[in-house]
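Below is one structure, written out as structure tokens; comments come after it.
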Amino acid sequence: MDDLNWVQWPAMLVTLLAAWLVGSTSKRKRKIGFWVFLSSNALWVIWGLYTSAYALIFLQFGLAAINIRGARKNEN
């Protein structure tokens, strides 16, 4: 598995799915959306490491922190 360029496509699709879920009026779907967002962050970090896209990697850690904050607020 030398070529990881393919990872960007599932990362993009998972990110779109997560945004759709987080925008739901259902608390359960929003909760699932936060977990899906965290998985998309992981996929983007993998791709960012492969392509040496360090700004993207830092962005994903920042977005993950915001996602975790949002998940905690969703519990209230």
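The values are calculated or read from the model by the stated rules, or taken from the named source; none is laboratory data. In this text, all values refer to a predicted model and were calculated from it rather than measured experimentally. Neighbour counts run over all protein chains shown; Cβ positions are idealised from the backbone, glycine included.
Looking at (1) among the β-branched types (Val, Ile, Thr); (2) outside any helix (DSSP H, G or I); (3) touching a residue at least 24 places away in the same chain (Cβ under 8 Å), which is the one condition that is false for Val14?
The single condition Val14 does not satisfy is (2).
Can you confirm whether Ile32 is surrounded by 14 or more Cβ atoms within 10 Å (Cβ to Cβ), within 20 Å of Leu4 (Cα to Cα) and in contact with a Leu (Cβ under 9 Å, 6 or more places away or on another chain)?
Details: surrounded by 14 or more Cβ atoms within 10 Å (Cβ to Cβ): yes; within 20 Å of Leu4 (Cα to Cα): no; in contact with a Leu (Cβ under 9 Å, 6 or more places away or on another chain): yes.
No.
For region 43-59, what are the residues that are surrounded by 15 or more Cβ atoms within 10 Å (Cβ to Cβ) and within 24 Å of Lys73 (Cα to Cα)?
If the condition is that a residue be surrounded by 15 or more Cβ atoms within 10 Å (Cβ to Cβ) and within 24 Å of Lys73 (Cα to Cα), then Leu59 is the only one that fits.
Is it the case that region 23-39 has a residue that's at pLDDT 95 or above and of a type in the set (S, T, N, Q)?
The answer is yes, given that some residue of region 23-39 is at pLDDT 95 or above and of a type in the set (S, T, N, Q).
Here are some residues: Ser39, Ser24. Which one is outside any helix (DSSP H, G or I), in contact with a helix residue (DSSP H, G or I) (Cβ under 8 Å, 6 or more places away or on another chain) and surrounded by 11 or more Cβ atoms within 10 Å (Cβ to Cβ)? Step through it out loud before you land on a result.
Values: Ser39 fails: outside any helix (DSSP H, G or I).
Exactly one of Ser39, Ser24 is outside any helix (DSSP H, G or I), in contact with a helix residue (DSSP H, G or I) (Cβ under 8 Å, 6 or more places away or on another chain) and surrounded by 11 or more Cβ atoms within 10 Å (Cβ to Cβ), namely Ser24.
Within region 29-50, track down each residue that is β-branched (Val, Ile, Thr) and without any contact (Cβ under 8 Å) to a residue 40 or more places away in the chain.
If the condition is that a residue be β-branched (Val, Ile, Thr) and without any contact (Cβ under 8 Å) to a residue 40 or more places away in the chain, then Ile32, Val36, Val45 are the ones that fit.
Output yes when any residue across region 52-61 is in a helix (DSSP H, G or I) and either in contact (Cβ under 8 Å) with a residue 24 or more places away in the chain or on the phi > 0 side of the Ramachandran plot (or both), and no when none is. I'd like the intermediate steps shown before the answer.
We begin by selecting, within region 52-61, every residue in a helix (DSSP H, G or I); these are 54-61.
With the extra rule that they be either in contact (Cβ under 8 Å) with a residue 24 or more places away in the chain or on the phi > 0 side of the Ramachandran plot (or both), the set shrinks to none.
For region 52-61, residues in a helix (DSSP H, G or I) and either in contact (Cβ under 8 Å) with a residue 24 or more places away in the chain or on the phi > 0 side of the Ramachandran plot (or both): absent.
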